[in-house]
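The structure appears below as structure tokens.
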Amino acid sequence: MSIMPEPAAEQDLPYNVFAKACPSRGTLEHVTGRWGALTLGALYQGSLRFNELRRRVDGVSEKMLSQTLHALERDGLVHREAQPTNPPRVDYELTSLGREVAERLLALIHCVEGRMDEVLTARETYDARRA
């Protein structure tokens, strides 16, 4: 029994992430890249300002977070709300699509976190065999 999903053609979907020219690949990259996944996961809890988000996603540079937010906003996953105040206030929050994607990512994140003891044991075993 195969655990691979059916190819997109068999599901009558107009997009196929396995096809080189499919635009869904770019979105998948934005969502599953380190900063995209962490940004979506952080915003799942609610709206955050840029610096709050940067503190929440420990290790991301200002430039990378900015690029990530632009990509996620362009893909319709994040909404940017600029307040005309002095100093300007910009809030970021998930769109309904972004929320759905973040839920699925968080399930994967929780799975990985919950199985880290096994991962660390596997790494030790692998490293010992390679030494």
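The values are calculated or read from the model by the stated rules, or taken from the named source; none is laboratory data. On a predicted model such as this, the values are computed, not experimentally measured, just so you know. Positions of Cβ are generated from backbone atoms using ideal geometry, with glycine treated the same way; all protein chains shown enter the neighbour counts. Note: areas computed on protein heavy atoms with side chains; ligands, DNA, RNA excluded. Shrake-Rupley method; radii C 1.70, N 1.55, O 1.52, S 1.80 Å.
Structure notes:
- With a Förster radius of 22 Å applied to the C-beta separation of Thr95 and Arg55, the computed FRET efficiency comes to 0.45.
- Leu13 versus Val112: modelled label distance in nm, points set 7 Å from Cα along the beta carbon direction: 2.0
- For Rg and Dmax of the Cα atoms in Å, the value computed from the atomic coordinates appears in the list (i) 18.2, 60; (ii) 17.4, 55; (iii) 16.0, 54 under label (i).
- Per residue accessible area in Å² of the chain, where ligands, DNA and RNA are left out and the probe is 1.4 Å: 75
- Working from label points 7 Å from Cα in the Cα-to-Cβ sense, the Gln45 to Arg104 distance is 2.4 nm.
- For His110, solvent-accessible area (1.4 Å; no DNA, RNA or ligand), Å²: 110
- Apportionment of accessible area to carbon and sulfur, the chain, percent (1.4 Å): 53
- The range 110-131 and the range 22-38: distance between their alpha carbon centers, rounded to Å: 25
- Gaussian network model of the chain, Cα within-10 Å springs - most flexible of Gln45, Gln83, Gln67: Gln83
- For the options Thr95, Thr68, Thr39, a Gaussian network treatment of the chain with springs between C-alpha atoms closer than 10 Å singles out Thr95 as fluctuating the most.
- Were the residues from Glu29 through Ala82 laid out at 0.36 nm apart, the gain over their Cα-Cα distance would be 16.5 nm.
- Using a Gaussian network model of the chain in which every pair of alpha carbons under 10 angstrom is joined by a spring, one finds that among Leu28, Leu43, Leu77 the greatest mean-square fluctuation is at Leu28.
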